[in-house]
Every structure is written in structure tokens, then in C-alpha cells.
Amino acid sequence: MKHLLLIALTALAPVALATPVSASAITFSEPSVVSLMTGTFIGTRVFKFSDPFTTFSLSGVTFAATGSTQSGSSTVLLRDTFDDRSPDPYAYDFIDGNVMQVASIGLDISFAAPTNTFRFGAALNATSSPSLMQIELLGIGNASLGFFTLMLDRTVLSSQGGTNSNSEGVFVAPNVGPITGARLRNFGDGTNGSPYDWVIDNIEFQSTPVPEPMSLLLVGAGLVVGTMRARRRRS
């Protein structure tokens, strides 16, 4: 019986321990996002954006604007550009194409499935550097996994050419365990309006469903033991 039990556990182990992993990225250029956009003239430029959302969900991620605003309610907008200064449009390193603009100092992000990786680019209208953003990572049960600071800089030379006319940066979450969400708070650069005029883009995450290897192994062992007992009774 011991030999049969070992064989059964060995056969079941690879199946039980296999963990499906799904890597995803949100660029706000997905077809479903583009279909929401409409063209609206602002001055001589055309900005594409949807009606403002309080919350917005895409690819298993929910975004919710929170906190104080410069005017009106906390909302997020979908736009096809962020910088209207020269060069126009400016080539950023960490945001590109369509972006999500946040009209409040805060943004809550929640993942439908826990992720072990989390990365995003951000930029804001700023006239001085550095500009700061605080990120609180959340784990199972919304337990805090720690507070982290992202510095948004407008003085660095972009790899795309030229110096940033707006502050930008990229946040890469440290290895703190499964992440179920994040709370972002933009402090800006101290100038009027900068905490309420920022964008987020190119969000990368990796959904990892929680496996249950021991449950499958115990079921397999029970089946083997039951089979051996039945054979003993017949003999």
C-alpha cells in the first residue's frame, strides 16, 4: 500500500502545485476604452475623453477617484494626451497614448485577483520638482503592506529626447506578497492645482490564483487508502 500511495501522491503533485499566472497590462488604448471616447474641441486642440467616471473597471482592475478636489466631485477621465506644451505632444518615458486623468488627490485601485507584481507610470502638471506621490499597498483583507513614495521629476532628460515639461515617474512595487489593491495620494509640487491634475498609465500586474495543493493531495491519498481497504475485505 505504501508504494501505491507514493505513486498516487507523485502523480497528483504536479497538478496540485501548478499555479496559473496571467500577466496583464492596462494602457487605456484597449478597444473597449476607445469605444467610450468622443471627440471634443478645447481651444484649437482635440481631446478625446469619456464622460467622467467616479469608478471605472477594466481587465479585472477597478479605479475609484477619492479625496479632495480643486472643484467638483472626484472623477477619472479617459484622455488621448496629457501634455499640451511644446513639443506637442511631449514624448514621455512612462506614459504614452491614451491615459487616465484623475481629478482628485486620491485614486484607489483594486484587483479582482491578487497580484505579485504591480507597476505603473504617472505624470502631473508641475512647475517645480520634485513632486511626490504616496502609495499604500494592500493585501488580503485590505491589510496594509506598507507605504511607499514615488518622486515625479521634471528636470531629468527623457530617453525620448528633451527635458520633461511635466513631472513624471514610474512606480514598481517591492516584493511584499500578494497585492489586492493600492491607495494613491498625490501631493503635487506645492503649486496650486498640481495635486488635482495628474494621470496614470501603463499599469502592469500579474494575477496569481491561490492554489490548494494540500486539498488535492489529501483527496488522492484518501482514494488510494479506500481502494486498498476494499481489496483487503474481498481477500
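Each value in this text was obtained by applying a stated rule to the coordinates, not by laboratory testing. The structure displayed is predicted, hence computed values, not measured ones. When we count neighbours, we look across all protein chains shown, and the Cβ atoms used for this are built from the backbone with ideal geometry, even at glycine.
Annotations
- Packing-based order for 55-65, 141-151, using average beta carbon neighbours within 10 Å, highest first: 55-65, 141-151
- With the cut-off at under 12 Å, measuring from each backbone N in region 145-179 to a point 7 Å along the Cα-to-Cβ line of Ala91 picks out 158-163.
- Annotation: the residues Met100, Met133, Met37, sorted from fewest to most other C-beta atoms within 10 Å of their own C-beta, follow the order Met37, Met133, Met100.
- Order of Glu168, Glu204 under a 10 Å beta carbon neighbour criterion, fewest first: Glu204, Glu168
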